[in-house]
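Each remark here refers to the structure printed beneath this line.
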Amino acid sequence: MSTKIVIAGGFGAGKTTLVGSVSEIPPVTTEAVMTEASVKHDDTSSTPEKVTTTVAMDFGRLTLDRELIMYMFGTPGQARFWFMWDDLVRGAVGAVVVVDTRRLADCFDAVDYFERNQNIPYVIALNKFDGEIGYTIEEIREAVEVGPEVPILEFDARDRASSGNVLKTLLSYTLSRPAQPEPVG
C-alpha cells in the first residue's frame with residue numbers, strides 16, 4: 001500500500017529540507033536559482049543566504065513498514081506557484097504545514113488552504129531556525145487561528161529523527177479522525 005502526504009508552507013520555511021532529511025531515495029526537487037525577476041516576489045530579508053527556490057514540487061519516499069510506503073510531495077511556497085496546489089494535494093491523506101516563526105505571516109495562506117479543505121487533516125510544524133521558535137505553542141495557535149485539535153509541534157527540518165516525528169504525528173492524527181466521505185463529482 002502507499003499513501004501520499006503534502007509538505008506545504010511559506011517561502012523558505014524548510015519544506016525541501018524536510019523532504020530531503022527523511023526521504024530514503026535522493027529527493028526529486030525542482031529547485032531553480034533565484035533571479036532578478038523574483039526580487040519583487042520573494043522576500044529574502046530573513047533568509048539572505050537562500051539562492052534557490054522550488055518552482056514546481058519536491059518528491060520523496062519513505063518506507064514505513066513492509067506493507068506501507070509514504071510518498072511526500074512538497075509544494076512551492078511562493079504565491080505565483082499556488083495554482084499547482086490543488087493538483088499536488090489531490091489524493092493526499094494529510095499535510096504538514098511547515099512554519100518559519102521568524103516570518104509567521106508567510107504560513108497563513110497554507111493554513112487557510114487546509115482549513116478550507118476540511119477533508120485533508122494537517123499538522124503545523126514549527127521549524128526551529130537558530131534552535132528556537134520565539135513563541136509559545138499557544139501564541140502560535142492564536143496567531144494562525146486554529147483550534148486545539150490541530151497538532152502543532154516544534155522540529156528541525158535538517159534532522160531526520162525530528163522530521164520523522166512530524167510525519168508520525170501527522171499519520172497518528174490522520175488515523176484518529178473519523179473517515180470523511182469522498183466527494184462526488
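The values are calculated or read from the model by the stated rules, or taken from the named source; none is laboratory data. Every value quoted in this text rests on a predicted model; they were computed, and no experiment measured them. Here the Cβ is made from the backbone with ideal geometry for all residues, glycine too, and neighbour counts use every protein chain on show. We work out accessible area using only protein heavy atoms, side chains counted, and drop any ligands, DNA or RNA first. Shrake-Rupley method; radii C 1.70, N 1.55, O 1.52, S 1.80 Å.
Tabulated data
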| read-out | value |
| --- | --- |
| With all protein chains modelled, accessible area of Asp100 [1.4 Å, Å²] | 10 Å² |
| Per DSSP, loop GluC sites (Glu not before Pro) in segment 114-185 with at most 13 further Cβ within 10 Å | Glu132, Glu145, Glu149 |
| Separation in nanometres of the label points that stand 7 Å from Cα toward Cβ, at Lys168 and Glu145 | 3.4 nm |
| Cut-off under 5 Å, modelled amide H: who pairs with Ile7 long-range | Phe73, Gly74, Thr75, Val96 |
| Residues Asp112 and Glu138, FRET efficiency given R0 of 25 Å [Cβ-Cβ distance, rounded to 0.05] | 0.80 |
| Theoretical FRET efficiency, 1/(1+(r/R0)^6), r = Cβ-Cβ of Met1 and Asp87, R0 22 Å, to 0.05 | 0.50 |
